[in-house]
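A.B. asks: My questions all concern the structure below.
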Amino acid sequence: MSPKPGPWPGNMAFYIDVEDLDTYLKKISAAGGKVIVEKQEIPGMGCLALFEDPDGRVLGLWQQKK
């Protein structure tokens, strides 16, 4: 089995629902985390991003469309 292309880290990620994705991405970077998938829009649904915390865990952020 070949590795997955691009920045996607694995098969599953835990997502945290946030009110303002941009604000949280700034907080993550300021706290030593690393954004690995920049904000992406899912048409008609919302936006997502993936980040890695300082200990190497990959998590997602989700902002529902208003």
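Here, each number is a calculation from the coordinates, and none is a lab measurement. These figures come from a predicted structure and were not determined experimentally. So basically every Cβ, Gly included, is an ideal-geometry build from the backbone, and we count neighbours across all protein chains shown.
A.B. asks: Does the stretch 48-66 hold any residues that are out of contact with any strand residue (DSSP E or B) (no Cβ under 8 Å at 6 or more places or on another chain) and small (G, A, S), and which are they?
C.D. replies: Within the stretch 48-66, just G56 meets the criteria.
A.B. asks: Are there any pairs with C-beta distances below 8 angstrom linking a residue in the stretch 23-46 that is under 21 Å from K65 (Cβ atoms) to a residue that is of a type in the set (K, R) and surrounded by fewer than 11 Cβ atoms within 10 Å (Cβ to Cβ), with the two at least 6 apart or on different chains, and if so which?
C.D. replies: Close Cβ pairs satisfying both conditions: G44/K65; M45/K65; G46/K65.
A.B. asks: Tell me which residues, restricted to the stretch 30-56, are small (G, A, S) and more than 12 Å from the chain's Cα centre (by Cα).
C.D. replies: Once the filter is applied, which keeps residues that are small (G, A, S) and more than 12 Å from the chain's Cα centre (by Cα), the stretch 30-56 yields A30, A31, G32, G44, G46, G56.
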